[in-house]
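Report on one structure; see the data block that follows.
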Amino acid sequence: MHVVEILGTGCCDCLRLGLLAAQAADEAGVKAEIRHITDQRRIEAYGVLEPPGLAIDGTVASTGRVPAVTELVAWLRDADRTLGSHLREVVSA
């Protein structure tokens, strides 16, 4: 399962991004937990200065805009391939 974090103060764009991220996870066929991070110190720790920000599994994927669902789907599928590859390495080690 992936952790998708919406980094922002809870503005309309942040809420919209959370909904689109959930839709993208469904379309990508991946399991994801959507978390809304509103604490300014935690947001700044990610280096996000302009909300909304989006992090997938702890890596910032975008800031300052609401990406299209197609972009989100591609990022989630890429994260899923990366996770799958890592798990295969751990199992075979």
Revision key, fill the gap. Once phi for every residue in the range 73-79 is put through the Karplus expression 6.51 cos²θ - 1.76 cosθ + 1.60 (θ = phi - 60°), the whole-Hz ³J(HN,Hα) values, with Gly and Pro written as x, are 4, 4, 5, 5, 5, 5, 4
Check your understanding: For the chain, what is the mean residue ellipticity at 222 nm derived from helices alone (per DSSP H run of n ≥ 4: -39500 (n - 2.57); sum divided by total residues; nearest 500 deg cm²/dmol)?
Key -> -16500 deg cm²/dmol
Revision key, fill the gap. Options [x] 0.99; [y] 1.09; [z] 1.54 for Cα Rg over 2.2 N^0.38 Å; the value derived from the coordinates is listed as [y]
Review point. Relative contact order, percent, of the chain when contacts are C-alpha pairs under 8 Å separated by at least 6 residues?
Key: 35 percent
Review point. Counting only protein heavy atoms and using a 1.4 Å probe, what share of the accessible area of the chain belongs to carbon plus sulfur, as a whole percent?
Key: 53 percent
Practice item. For the range 29-71, report the accessible area per residue in Å² (1.4 Å probe, heavy atoms, rounded to an integer). Key: 60 Å²
Exercise for review: Please check which bits of the range 1-43 a label hung off Val69 would reach, taking the label as a point 7 Å along Cα-to-C-beta and the cut-off as backbone N under 15 Å.
Suggested key: 16-30
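The values are calculated or read from the model by the stated rules, or taken from the named source; none is laboratory data. All figures in this text were calculated on a predicted structure; none of them were measured in a lab. Positions of Cβ are backbone-derived with ideal geometry, glycine not excepted, and every protein chain shown enters the neighbour counts. Ligands, DNA and RNA are excluded from the accessible area calculation, which covers all protein heavy atoms including side chains. Shrake-Rupley method; radii C 1.70, N 1.55, O 1.52, S 1.80 Å.
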